[in-house]
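Take a look at the structure below.
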């Protein structure tokens, strides 16, 4: 069994463009994969442990399960691990740190949703919650659209906005403005991306602030439940992950993102539709990423661990 840590995965130098292609590939496999909804447990307060299994479809021979957690006060707050198995033999192939995988695949999914569902004239992007997930999303957006100049509004929180601007100072296809008022950010943005992991209530209670044609992408699902009730369309990466949402049965129109990608659903039909995209995060993304990383490192001089399995049929 390989043990693959964060630095080893990061050292592969996998580009945001490659991550984007892996995400599109994983969505194309979704209908044939075994992909139950994640199980979420809460040991205290808003802390959680999520268990996320997936069997990739043939001809792949991979099963994987990710355990991801958010613990208040931890640094970083989000963390997790992936176990990767050979689905035909049951052999445990690798234990992977999932921080890099989770962050990079989440940003790539957000950008895929943005490119698929934004209005044709979208120019202004509002970002709230400026941690690693937001950085991954911005990185994917800028790297996948190098010839587009993006105007980005950042909601100020402590010194995170300034650090965010500094992180992307080398990019000449983005212009940042830091704002202190959520209504300003929402009302001036064509695309609103929220990467906050904990919210009490709504981020913007005034429904009139959401202009026609806007797209809202609440990466961690929080803070925009008012939009469930009046937005024209709602999309999600998996129905089982949103069917228990309080207002699921009151969505005006709903479909999965993969239906749009495959052409089964029209997606955005005009530039005046307000659209909400819930990208909950799927185990299939994690397992596709983990399998490709494992294939890159399985013959490398990385740490191995032998489980010393019992091979006797009767052992008691």
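Working from Cα pairs under 8 Å separated by at least six residues, relative contact order for the stretch 104-278 is 24 percent.
The long axis of helix 283-297 is offset from the longest Cα principal axis of the chain by roughly 50 degrees. Modelled spin-label separation between residue 160 and residue 299, with each label point placed 7 Å from Cα along the Cα-to-Cβ direction: 4.3 nm.
For the stretch 192-316, calculate the relative contact order in percent as a whole number, restricting contacts to Cα pairs under 8 Å that are 6 or more residues apart. If you can, show how the numbers build up before the last one.
Working: 158 pairs, mean separation 34.3, N = 125.
Answer for the stretch 192-316 is 27 percent.
For the chain, the longest principal axis of the Cα atoms and the long axis of helix 16-29 meet at an angle of about 80 degrees.
Comparing mean-square fluctuations of 188, 212, 166 from a GNM of the chain with C-alpha springs under 10 Å, the top value falls on 166. Translational diffusion coefficient of the stretch 104-278 (Stokes-Einstein, Kirkwood radius from Cα pairs, 25 °C, 0.890 mPa s): 152 µm²/s.
Using equal-weight Cα scatterers in the Debye expression, the normalised intensity of the stretch 149-227 in log10 at q = 0.16 Å⁻¹ is -0.63.
Semi-axes of the equivalent ellipsoid for the stretch 97-136, please: Cα gyration tensor eigenvalues, times 5, square-rooted, ordered largest first, whole Å. It would help to have the intermediate numbers written out before the result.
Working: eigenvalues 101, 32, 5 Å².
Three semi-axes, in Å: 22, 13, 5.
Each residue, residue 177 and residue 264, gets one label point 7 Å from its Cα in the Cβ direction; the gap between the two is 4.1 nm.
For the chain, adding -39500 (n - 2.57) for each run of n ≥ 4 DSSP H residues and dividing by the number of residues yields -8500 deg cm²/dmol at 222 nm.
For the stretch 13-111, what relative contact order do you get, as a whole percent, if you take Cα pairs closer than 8 Å and at least 6 residues apart?
Details: 154 pairs, mean separation 20.9, N = 99.
Across the stretch 13-111, relative contact order equals 21 percent.
Using a Gaussian network model on the chain with a 10 Å cutoff between Cα atoms, which of 234, 174, 193 fluctuates the most? Among 234, 174, 193, the largest mean-square fluctuation in the Gaussian network model of the chain belongs to 174. One quarter of the convex hull surface built on the alpha carbon atoms of the chain amounts to 18.4 nm², the projected area averaged over directions. Compared with the dominant principal axis of the Cα atoms in the chain, helix 132-144 is inclined by about 80°.
State, to one decimal in nm², a quarter of the convex hull surface area for the C-alpha atoms of the stretch 16-89, i.e. the direction-averaged projected area. Provide the component values of the computation, followed by the final result.
Numbers: hull surface 25.5 nm².
With every direction weighted equally, the projected area is 6.4 nm².
Which order results if 104, 1 are arranged by neighbouring Cβ count within 10 Å, fewest first?
Values: 104 28, 1 15.
Ranking 104, 1 by Cβ neighbours within 10 Å, fewest first, gives 1, 104.
Springs join every pair of Cα atoms under 10 Å in this Gaussian network model of the chain, and among 119, 44, 34 the largest mean-square fluctuation is at 44.
Read-outs throughout are calculated quantities, based only on the coordinates presented, and are distinct from any laboratory measurement. Note that the coordinates shown come from a computational prediction; the quantities given were computed from them, not determined experimentally. Cβ atoms come from the backbone with ideal geometry, glycine included; neighbour counts cover every protein chain shown.
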